[in-house]
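> For reference, the structure I am asking about is given below.
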Amino acid sequence: MNPTFLFILITVIKVVVIVHIFMFILSYLTWAERKLLGHIQARLGPKNVGPFGLLQPIADGIKLLFKEDIIPAQANKILFVIAPVLSFIPALIVFAVIPFGDKVTLFGQEIDLIISDINVGLLYIFAITALGVYGIAIAGWASNSKYSLLGGLRSMAQMISYEVSYTLSIVGILMLAGSLSLVDIVKMQDSFWHMFIFKQPLAFLIYLICGIAETNRAPFDLPEAETELVAGFHTEYSSMKFGMFSIAEYANVVNVSAIATTLFLGGWQGPYLPPVVWFLLKMSAFLFLFIWLRATLPRFRYDQLMKFGWQVLLPLALLNILITAVIMII
Amino acid sequence: MGTIFFFVLAAVSVISAILIVAQKNAVASALYLIVTLCSQAMLYLLLGASFLAVIQIIVYAGAIMVLFLFVIMLLNLRRDEFGPDKKKIQRVLAFALGAVWLIQVVAVIKLGLSKMSLSPVTPEAALETGSVQTIGKSLFTEYLYPFEITSILLLVAILGSIVLAKKKI
C-alpha cells in the first residue's frame with residue numbers, strides 16, 4: 001500500500017477512535033461530577049437512570065436535544081450560532097498533541113499513540129487554548145443581553161490574566177527538557193524521581209491554579225457566577241447550544257488534566273500496568289481534584305481574582321524561571 | 001495538494017481582509033481580522049515555518065485581538081455611530097492614495113524579482129530554517145544585540161503605558 005495513503009488512513013482512524021473515547025470520558029465526567037458532589041454534600045447524586053445512575057449522561061443528552069432551541073430576537077444570529085462551535089472546536093483539537101501511550105504494533109504496523117507529534121507541540125497547546133476565549137467572548141456579545149456581555153467580558157479578562165502565568169509556569173520545564181515536543185518531555189521522565197513535579201514543584205502549583213482559572217471552574221468560576229450574572233455568557237443559550245458550552249468546559253478540564261499529567265507526572269510512563277491505563281489513572285486523579293475543589297471552595301471575589309493573578313502568580317512564575325536557570329548553571 | 005491548500009487559504013485571507021474594511025459592525029471587523037491572521041498562520045505552516053505560525057496565533061490572534069475585541073465590546077458601538085464617513089474629499093483621497101500604494105507594491109515586486117534570483121528551496125531546508133531550534137540559535141548568537149535591544153524597547157513601552165494609565169503608582 002502507498003505509504004502516504006497508509007499514513008492518512010491510520011491518522012483518520014486514530015482521530016475517529018480518540019474523539020469517541022474523548023466524548024465518552026466527557027459524558028461520564030458529568031456523571032462522576034454529580035455523583036461525587038452529591039456524596040461530598042451528603043446526598044446520593046443521580047441514581048434512578050440505570051444502575052448507580054450510569055445512564056444519566058445519555059438521558060441528559062436526549063433531554064438537551066429535545067429542548068426548544070431559542071435565539072433571542074435582538075441577537076446577532078450568525079455569531080450566536082457560531083459561538084458554541086468556536087468554544088467547542090479548540091477544546092477538542094488540543095488533545096491531538098498529547099501522547100497517551102508508547103508505540104504499539106497492530107497488524108504489523110508501528111503506531112504511535114498520539115495523533116500528531118509536532119516539534120512545537122507545547123506552543124500549539126498554548127495557541128489553541130488562546131483561541132478558546134473567542135467562543136465565550138462572542139457568545140457574550142452576540143446574545144445582546146447585559147448578563148451575557150458582563151459574563152463574556154469577565155471571562156476574557158480572567159483568561160488573558162491567567163494565560164500569562166499559565167505559559168510562564170511551563171518555561172521551567174522547557175528549560176529542563178530542551179524540547180517543545182510532548183513526546184520528548186514524557187520520555188525524559190522515565191522513573192519516579194525524574195518526574196518534573198519533583199524538579200518543578202512551584203511550576204506545578206502555578207500551572208494547576210492557572211489551569212483551573214483558564215477553564216473557568218470553581219473557585220474561579222466568576223464568568224458564570226449565578227448570584228450576580230444569572231449564568232454568565234451562556235444565559236441566553238438553550239438546547240444543544242448550551243450543551244456544547246458545557247461539553248467544551250468539560251473538554252477543557254480533561255485537557256488541562258491531560259497536559260498536567262504529561263508535563264509533571266510522566267505521562268503514560270509507569271510500572272506493571274499498560275501505558276494507556278497509567279495515563280488514564282493519572283488524568284483521573286486530576287479530574288477528581290477538579291471536582292473536589294468545586295465541592296469545597298467558595299468563589300473568589302473579582303478584584304481578589306485579578307490581584308491574585310497579577311501580583312502573586314505572575315511574580316512566582318518569573319521567580320520559578322529564575323531559580324531554574326540558576327540551578328541549571330550551578 | 002499544497003497548491004490547493006495555498007489557493008484556498010489565500011482566498012480566505014484576501015476575502016476576509018476585504019471584509020474587515022467593508023463591515024459596518026466593529027466586532028465583525030475584528031472577527032474577520034482574526035480569520036485573516038489565522039489563515040496567514042496556515043500559510044506560514046505551508047512554507048514549513050511552524051514556529052512563526054504558532055507564534056502568530058499566540059501573539060496576534062490569541063492576545064492582541066482579544067484585547068481589541070475586549071475594548072470594542074466595552075465601548076459597545078452602535079451601528080450608526082460607526083460607518084463610512086460622509087465627507088467626499090476623504091473618499092477621493094482614499095482612492096488616490098490606495099492607487100499609489102498599489103503601484104508601489106507592484107513596482108517593488110517586479111523590480112525585486114528581476115534583480116535578485118531566488119534559488120529554489122527544498123522542503124527539508126525550509127523545515128530546517130523554520131524550526132524552533134534554528135530560530136532560537138540565531139536569535140541568541142547572531143542577532144543577540146538586536147534581540148535584547150528589542151526586549152528593552154518593549155519593557156520601556158510597558159512601563160510607559162503603566163505610567164500613562166495609572167495616576168497614582
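The values are calculated or read from the model by the stated rules, or taken from the named source; none is laboratory data. On a predicted model such as this, the values are computed, not experimentally measured, just so you know. Cβ atoms come from the backbone with ideal geometry, glycine included; neighbour counts cover every protein chain shown.
> When only residues in the range A:111-133 that are more than 7 Å from every other protein chain (Cβ to nearest Cβ) and among the hydroxyl-bearing types (Ser, Thr, Tyr) count, which is farthest from the chain's Cα centre (by Cα)?
A:Ser116
> Considering only residues that are surrounded by 24 or more Cβ atoms within 10 Å (Cβ to Cβ) and at the interface with chain B (Cβ under 8 Å from one of its Cβ atoms), which ones fall in the range A:135-155?
A:Ala137, A:Ile138, A:Gly140, A:Trp141, A:Gly152 - these are the residues of the range A:135-155 that are surrounded by 24 or more Cβ atoms within 10 Å (Cβ to Cβ) and at the interface with chain B (Cβ under 8 Å from one of its Cβ atoms).
> Looking at (1) at pLDDT below 85; (2) closer than 25 Å to A:Met195 by Cα; (3) surrounded by fewer than 23 Cβ atoms within 10 Å (Cβ to Cβ), which one does A:Gly266 not meet, given that it meets all the others?
Result: A:Gly266 passes all but (3).
> Can you spot a residue in the range A:266-285 that is of a type in the set (A, V, I, L, M, F, W, C), in contact with a helix residue (DSSP H, G or I) (Cβ under 8 Å, 6 or more places away or on another chain), free of Cβ contacts under 8 Å to residues at least 24 places away in the same chain and not in a helix (DSSP H, G or I)?
Looking for residues that are of a type in the set (A, V, I, L, M, F, W, C), in contact with a helix residue (DSSP H, G or I) (Cβ under 8 Å, 6 or more places away or on another chain), free of Cβ contacts under 8 Å to residues at least 24 places away in the same chain and not in a helix (DSSP H, G or I), one finds at least one in the range A:266-285, hence yes.
> Separate question: Can you pull out every residue in the range A:193-204 that is part of a helix (DSSP H, G or I), among the hydrophobic types (A, V, I, L, M, F, W, C) and in contact (Cβ under 8 Å) with a residue 60 or more places away in the chain?
Those that are part of a helix (DSSP H, G or I), among the hydrophobic types (A, V, I, L, M, F, W, C) and in contact (Cβ under 8 Å) with a residue 60 or more places away in the chain: A:Phe196, A:Ile197, A:Leu202, A:Ala203, A:Phe204.
> Still on this model: Among (1) among the small types (Gly, Ala, Ser); (2) within 13 Å of another protein chain (Cβ to nearest Cβ); (3) part of a helix (DSSP H, G or I), which single condition is B:Ser16 missing?
In the conditions (1) among the small types (Gly, Ala, Ser); (2) within 13 Å of another protein chain (Cβ to nearest Cβ); (3) part of a helix (DSSP H, G or I), B:Ser16 misses (2) alone.
> If you go through the range A:226-245, how many residues are modelled with pLDDT of 75 or more and out of contact with any Pro (no Cβ under 9 Å at 6 or more places or on another chain)?
3
> Scan A:Pro275, A:Pro271 and give me the residue that is more than 24 Å from A:Ile18 (Cβ to Cβ), over 13 Å from the mean Cα position of the chain (by Cα) and not hydrophobic (A, V, I, L, M, F, W, C).
A:Pro271
> Another question, if that's okay. Residue under question is A:Val81, and the condition is that it be hydrophobic (A, V, I, L, M, F, W, C), under 30 Å from A:Ala130 (Cβ atoms) and surrounded by fewer than 18 Cβ atoms within 10 Å (Cβ to Cβ); does it hold?
For A:Val81, the condition - hydrophobic (A, V, I, L, M, F, W, C), under 30 Å from A:Ala130 (Cβ atoms) and surrounded by fewer than 18 Cβ atoms within 10 Å (Cβ to Cβ) - is met.
> Just to be sure before I move on: is A:Leu86 more than 10 Å from chain B (Cβ to nearest Cβ) and either surrounded by fewer than 24 Cβ atoms within 10 Å (Cβ to Cβ) or within 19 Å of the chain's Cα centre (by Cα) (or both) in the structure I sent?
no
> What is the number of the single condition among (1) within 26 Å of A:Trp292 (Cβ to Cβ); (2) assigned to a loop (DSSP other than H, G, I, E, B); (3) at pLDDT 80 or above that A:Ala218 does not meet?
In the conditions (1) within 26 Å of A:Trp292 (Cβ to Cβ); (2) assigned to a loop (DSSP other than H, G, I, E, B); (3) at pLDDT 80 or above, A:Ala218 misses (3) alone.
> Take the residues of the range B:129-144 that are assigned to a helix (DSSP H, G or I) and surrounded by 13 or more Cβ atoms within 10 Å (Cβ to Cβ): which is nearest to the other protein chains (Cβ to nearest Cβ)?
Taking the candidates together, the pick is B:Val132.
> A further question on this structure: Quick check, is A:Tyr250 more than 27 Å from A:Ala75 (Cβ to Cβ) and either in contact with a Ser or Thr (Cβ under 8 Å, 6 or more places away or on another chain) or acidic (Asp, Glu) (or both)?
Taking the combined requirement at face value, the residue does not satisfy it.
> Consider A:Lys14 carefully, then state whether it is under 24 Å from the mean Cα position of the chain (by Cα), part of a helix (DSSP H, G or I) and over 30 Å from B:Ala30 (Cα atoms).
Yes: the conditions hold for A:Lys14.
> Shifting gears a bit: Which of the residues that make up the range B:60-76 are facing chain A (nearest Cβ under 9 Å) and part of a helix (DSSP H, G or I)?
Answer for the range B:60-76, where residues must be facing chain A (nearest Cβ under 9 Å) and part of a helix (DSSP H, G or I): B:Ala61, B:Gly62, B:Ala63, B:Met65, B:Val66, B:Leu67, B:Leu69, B:Phe70, B:Ile72, B:Met73, B:Leu74.
> Would you mind finding the one in A:Ile173, A:Ile212, A:Ile185 that is among the aliphatic types (A, V, I, L, M) and within 18 Å of the chain's Cα centre (by Cα)?
Answer to the check: A:Ile212.
> Using the structure shown, decide if B:Phe51 is in contact (Cβ under 8 Å) with a residue 40 or more places away in the chain and more than 14 Å from chain A (Cβ to nearest Cβ).
Criteria not met by B:Phe51.
> May I ask you to say which residue of A:Leu293, A:Leu322, A:Leu289, A:Leu318 is within 16 Å of the chain's Cα centre (by Cα) and farther than 30 Å from A:Asp112 by Cα?
Selected residue: A:Leu293, the only one of A:Leu293, A:Leu322, A:Leu289, A:Leu318 that is within 16 Å of the chain's Cα centre (by Cα) and farther than 30 Å from A:Asp112 by Cα.
> Scan (1) surrounded by fewer than 17 Cβ atoms within 10 Å (Cβ to Cβ); (2) of a type outside the set (Phe, Trp, Tyr); (3) within 13 Å of another protein chain (Cβ to nearest Cβ) for the single condition B:Val35 breaks and write down its number.
Failing condition for B:Val35: (1).
> Right, next: Could you please tell me which pairs satisfy a Cβ distance under 6 Å, a separation of 6+ or placement on different chains, a first residue in the range A:135-148 that is more than 15 Å from A:Gln74 (Cα to Cα), and a second residue that is in a loop (DSSP other than H, G, I, E, B)?
Nothing qualifies.
> Residues A:Gly101, A:Gly172: which one is at pLDDT below 85 and either of a type outside the set (S, T, N, Q) or on the phi > 0 side of the Ramachandran plot (or both)?
A:Gly101
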